[in-house]
Amino acid sequence: MKSLAVALLLFWSFASARAEEPDAKSLVDRILEAQHTRGFVIRAKLSVTEGDSRKASQLRIKCRRDESGVRLLYQVLWPTADKGAALYVERFGKKNLGGFFFTPPERIEQLGRDALATSYLGSDLNVEDLIDDFWEWPDAKAGAEEEAGRENCRIVNLRPPLDAPTNYSLVRAWISEEKAVPMRLLKFDRQGQAAKEFLVQKIVQNQKFWFPTVTIIQKPGGTRQTLFEISRGDRDVEVPLSELSIETIKKAAAGN
């Protein structure tokens, strides 16, 4: 009887400890809660360094979310040579990606089937990274605890559905359990090889939510490094559809 009592005590202690650990779904749901607003407008700098070469671009990024889906606009403000160049992306439910690249003054290039893998401004970010919709993947499993970016994190492995249009087979996320913000991401390609790493250097709090504002992106073993820095932004704002139209994009490129 004594051994049975000990076994039961150990079982309930283990079950209680497991119950106190946040599961993967709850952590991901907290991240989605922070993301799912009417939209946002931010200013950011994208810097690409490789050897002695460095290129920096100032960006204005707008996002609109509504019942139909998500629309994103990335437009270059500086340098002058690239001013007005834009990437417009839209995704409605599980439908394929839509959108276009715009090069001033008039060139429009529709996003094709292979657009997800297209590099943005010669950086380590591709079009799929800018959409960042892997948080919606239903297969999320919690792993070990590990520190990342000076935060105690829970590792969560996210795998896409078989029919998902994606270049990745797995995204491994280090999520701060206290702040519900990803501090590190490791993305694996379709062959199961580590393809890209995101290291969050700085986070800020907006209302009750935490967000990355400075992130380093690089390929494991690569010589190029991309730095993405958010300088300011407005969260949960309604971006009119007219601000995402090609007419408005062209006017902004022309300085109107």
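Things worth noting here:
- Every test in (1) at pLDDT 95 or above; (2) open to solvent by less than 50 Å² (accessible area, probe 1.4 Å); (3) in contact with a Lys or Arg (Cβ under 9 Å, 6 or more places away or on another chain) is passed by residue 146 save one, and that test is (2).
- Sole residue being surrounded by fewer than 18 Cβ atoms within 10 Å (Cβ to Cβ) and in contact (Cβ under 8 Å) with a residue 40 or more places away in the chain, chosen from 163, 189, 114: 163
- Single unsatisfied condition, residue 71 versus (1) open to solvent by 40 Å² or more (accessible area, probe 1.4 Å); (2) of a type outside the set (Phe, Trp, Tyr); (3) touching a residue at least 40 places away in the same chain (Cβ under 8 Å): (1)
- Among the residues of segment 10-31, none qualifies, meaning not one is exposed (fewer than 11 other Cβ atoms within 10 Å of the Cβ) and at pLDDT 50 or above.
- Within segment 226-246, being more than 29 Å from residue 53 (Cα to Cα), open to solvent by 50 Å² or more (accessible area, probe 1.4 Å) and of a type outside the set (Ser, Thr, Tyr) holds for 234, 235, 236, 238, 240, 241, 243.
- For residue 63, the conditions (1) closer than 22 Å to residue 250 by Cβ; (2) not in a strand (DSSP E or B) all hold with the exception of (2).
- Complete set of residues in segment 166-181 that are over 15 Å from residue 23 (Cα atoms), open to solvent by less than 30 Å² (accessible area, probe 1.4 Å) and touching a strand residue (DSSP E or B) at 6+ places or on another chain (Cβ under 9 Å): 168, 169, 170, 171
- Single match in 98, 93 (criterion: touching a strand residue (DSSP E or B) at 6+ places or on another chain (Cβ under 8 Å) and at pLDDT below 85): 93
- Of all the residues in segment 66-94, those that are under 18 Å from the mean Cα position of the chain (by Cα) and of a type outside the set (Asp, Glu) number 14.
- Pairs with Cβ under 7 Å, 6+ apart, first in segment 236-251 and farther than 11 Å from residue 62 by Cβ, second among the hydroxyl-bearing types (Ser, Thr, Tyr): 236/37; 242/248
- Total residues in segment 87-146 satisfying the condition of being assigned to a strand (DSSP E or B) and among the aliphatic types (A, V, I, L, M): the figure is 6.
- Any hit, segment 53-65, residues being loosely packed, with under 13 Cβ neighbours inside 10 Å and more than 16 Å from the chain's Cα centre (by Cα): yes
The values are calculated or read from the model by the stated rules, or taken from the named source; none is laboratory data. Computed from a predicted structure; not experimentally measured. Reconstructed Cβ throughout: ideal geometry from the backbone, glycine too, with neighbour counts over all protein chains shown. Note: accessible area is taken over every heavy atom of the protein model, side chains too, but ligands, DNA and RNA are not part of it. Shrake-Rupley method; radii C 1.70, N 1.55, O 1.52, S 1.80 Å.
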